[in-house]
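Everything below concerns the one structure shown next.
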Amino acid sequence: MAASTPHPEADTDNVQARPISLGIDIGGTKIEGVAMDGDKHLLACHRIPTREGNQAVHDDTVTLIHHLLDPVGPNRGSVTVGLGIPGRVDANRGIVDDAVNLGIRHMALGPAVAKTTGLPVRVENDVNIAALGAASQAGDSLMAPGTTPHSEAARKQARRSASVPGRDGPRALPDHDDHVVVFINLGTGLAAGIIRWGRIEHGASGAIGEIGHIPVDAHQFPCKCGQHGCLETVASGSAVEALWPGIAHPLPDLIAQASQGNQRAQEVQDIIGHGIALAVQIVALTIDPGVIILGGGMSRTGQPLLDLVTEHLNRSAACSHFIASLNLPDRLRLAPADLPIAAIGAALAGRMATDSRPSDFIGKEIAS
Ligand SMILES: [Zn+2]
């Protein structure tokens, strides 16, 4: 295992007695963590490969926590931990169910890590923490070239972000809690995370944002959830793989082939572009966020993806004055590819959970 190293911009002399927020994103292939101080400066980043199973995930998470704290030193303020993990998460109890790629069927992850480390631990769904991390960047690095943030609040925030003191020191992550941001995760599946007033929305059953299983597509492809025509079957990494098979990173290839006149590529590109634009329209019409961020693995395609979705949004706008009036392309952003946004979001979630309640569940057994 590689030794944990301070973030190149970290100034560890200045972090003594400051509160430290640790954020860890537990993914299918890697576990990535960050340490941030109270001013949201990144102090350390570290990642290790993922091992499957309840015990391995617990042990690796605890190991990563120690690695992240090493460069911070012993003279620090309160330490909080936020964890992001795929699957169904009961954030209030720290319990995760059906994290299939991690070999976890049921696990009281939060209480287990809290008991071992003695630290307060918050567990959130992985899409939600990525949404929180990306939203914390909205109005700053997320601003698309040539566009302005949609709302007056976002413009105000962007001006504040630009004047954050110490921009030449450790990287400051701006607050951005005065509007609604939706993060559309274009990963293997399709789901959205909703951030309102800087906080994750959970809904009544944790199914909020599961837009991938809204059955609205005319092609009626079968979905793994049992329905037909789910949005996920035309707007996700697995959809691209199914419709444009045999390529390791199919979306950039698909877009390139379509631009060279390959007819099948153009048909598939139309299906995918329409599907993602539909997802954007659905979140715009149900939640009306000022900023809509495209994230997840597919977003690494970058500008060509943004262009494709914009083209399809413009097609809808061309035949609907109502849709045109929503200015949807102006609200679109790509998630930053150069920041560990999910780990950053986990750190923010862990800190907020502790700051907003009088006590945490350190060492408390939770029946499950
Ligand atoms: Zn489905």
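Just need a number here: residues in segment 219-230 that are near the ligand (Cβ under 8 Å from one of its atoms) and surrounded by 13 or more Cβ atoms within 10 Å (Cβ to Cβ). Full working, then the answer.
Residues of segment 219-230 that are near the ligand (Cβ under 8 Å from one of its atoms), as a first pass: 223-227, 230.
Now drop any that are not surrounded by 13 or more Cβ atoms within 10 Å (Cβ to Cβ), which leaves 223, 225, 227, 230.
Number satisfying all stated conditions: 4.
For segment 8-32, name all the residues that are at pLDDT 50 or above and crowded, with 17+ Cβ neighbours inside 10 Å.
Arg18, Pro19, Ile20, Ser21, Leu22, Gly23, Ile24, Asp25, Ile26, Gly27, Ile31, Glu32
So is Ala235 of a type outside the set (Val, Ile, Thr), assigned to a strand (DSSP E or B), more than 10 Å from the ligand (Cβ to nearest atom) and touching a residue at least 24 places away in the same chain (Cβ under 8 Å) or not? Can you show your working first?
Details: of a type outside the set (Val, Ile, Thr): yes; assigned to a strand (DSSP E or B): no; more than 10 Å from the ligand (Cβ to nearest atom): yes; touching a residue at least 24 places away in the same chain (Cβ under 8 Å): yes.
Taking the combined requirement at face value, the residue does not satisfy it.
Looking at segment 33-63, which of its residues are assigned to a helix (DSSP H, G or I), surrounded by fewer than 23 Cβ atoms within 10 Å (Cβ to Cβ) and either in contact with a strand residue (DSSP E or B) (Cβ under 6 Å, 6 or more places away or on another chain) or hydrophobic (A, V, I, L, M, F, W, C) (or both)?
Of segment 33-63, the ones assigned to a helix (DSSP H, G or I) are 54-63.
Now drop any that are not surrounded by fewer than 23 Cβ atoms within 10 Å (Cβ to Cβ), which leaves 54-56, 58-60, 62-63.
Residues satisfying the conditions are Asn54, Ala56, Asp60, Val62.
Among residues belonging to segment 249-287 that are under 26 Å from Ile214 (Cβ atoms) and among the charged types (D, E, K, R), point out the one that is surrounded by the most Cβ atoms within 10 Å (Cβ to Cβ).
Among those that are under 26 Å from Ile214 (Cβ atoms) and among the charged types (D, E, K, R), it is Asp270.
Which of the residues spanning segment 238-272 are in contact with an Asp or Glu (Cβ under 8 Å, 6 or more places away or on another chain) and either away from the ligand (no atom under 16 Å from the Cβ) or not in a helix (DSSP H, G or I) (or both)? Let's see the steps before the verdict.
Keep residues of segment 238-272 that are in contact with an Asp or Glu (Cβ under 8 Å, 6 or more places away or on another chain), which gives 238-239, 244, 247, 250.
Residues satisfying the conditions are Trp244, Ile247, Pro250.
Would you mention how many residues in segment 288-309 are touching a Pro at 6+ places or on another chain (Cβ under 9 Å), assigned to a loop (DSSP other than H, G, I, E, B) and surrounded by 17 or more Cβ atoms within 10 Å (Cβ to Cβ)?
Of the residues in segment 288-309, 1 are touching a Pro at 6+ places or on another chain (Cβ under 9 Å), assigned to a loop (DSSP other than H, G, I, E, B) and surrounded by 17 or more Cβ atoms within 10 Å (Cβ to Cβ).
Would you be able to tell me the number of residues in segment 291-327 that are among the small types (Gly, Ala, Ser) and either touching a residue at least 40 places away in the same chain (Cβ under 8 Å) or closer than 16 Å to Gly275 by Cα (or both)?
First pass over segment 291-327, keeping only residues among the small types (Gly, Ala, Ser): 295-297, 299, 302, 316-318, 320, 324-325.
With the extra rule that they be either touching a residue at least 40 places away in the same chain (Cβ under 8 Å) or closer than 16 Å to Gly275 by Cα (or both), the set shrinks to 295-297, 299, 316-317.
Here the count works out to 6.
Looking only at segment 183-207, filter to residues that are closer than 19 Å to Asp98 by Cβ and more than 16 Å from the ligand (Cβ to nearest atom); which one of those is surrounded by the fewest Cβ atoms within 10 Å (Cβ to Cβ)?
For segment 183-207, the residue satisfying everything is Ala204.
The values are calculated or read from the model by the stated rules, or taken from the named source; none is laboratory data. Quick caveat: nothing in here was measured; it's all calculated off a predicted structure. Neighbour counts are summed over all protein chains in view; Cβ atoms, including those assigned to glycine, are modelled from backbone coordinates with ideal geometry.
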